[in-house]
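Values in this text are rule-based calculations from the coordinates and carry no lab data. Only a predicted model underlies this, so the values are computations on that prediction, with no experimental measurement involved. Because the Cβ atoms are built from the backbone with ideal geometry, glycine has one as well, and the counts that use them run over all protein chains shown.
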Amino acid sequence: MVDVNVIGGKLSREEIDYYIDCAEVKYPEKHLRAIDLELDGDFVNAKYYFSDAPFQRIRRITGYLVGTLDRFNNAKRAEEKDRVKHSQPQ
């Protein structure tokens, strides 16, 4: 469900759906949370609000950028286990 705020006039449901569809096509990797549609004469200014993207930690392990070790084979898991881990200076 997308929250829609129309400012300065009225739009039909069909017009509102058009702007929502445009946002989903233009930003397919984002999740649309809300949209402000400001009417300015013959123009419509659209401001989109997206949900926060989930953050996944990525580390460099044995030359690879990974988030988890679940796709590593046994040799790569052993290599990660045996590596020297440095502590941060305080």
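Brief remarks follow.
- Selection of trypsin sites (Lys or Arg not before Pro), the chain, meeting DSSP coil and at most 11 other Cβ within 10 Å: 10, 57, 71, 83, 85
- Of the GluC sites (Glu not before Pro) found in the range 1-75, those that fall in a DSSP loop while having at most 15 other beta-carbon atoms within 10 Å are 29.
- Rounded D (µm²/s) - the range 51-90, Kirkwood Rh over Cα pairs, Stokes-Einstein at 37 °C, 0.692 mPa s: 272
- Loop-located chymotrypsin sites (Phe, Trp or Tyr not before Pro) in the range 25-72 (DSSP state not H, G, I, E or B) with no more than 11 neighbouring Cβ atoms inside 10 Å: 55.
- Remark: the residue 73-residue 38 segment gains 7.2 nm on full extension, using 0.36 nm per residue and subtracting the alpha carbon distance.
- q = 0.12, 0.13, 0.23 Å⁻¹, the chain: log10 I(q)/I(0) [Debye, one scatterer per Cα]: -0.59, -0.62, -1.13
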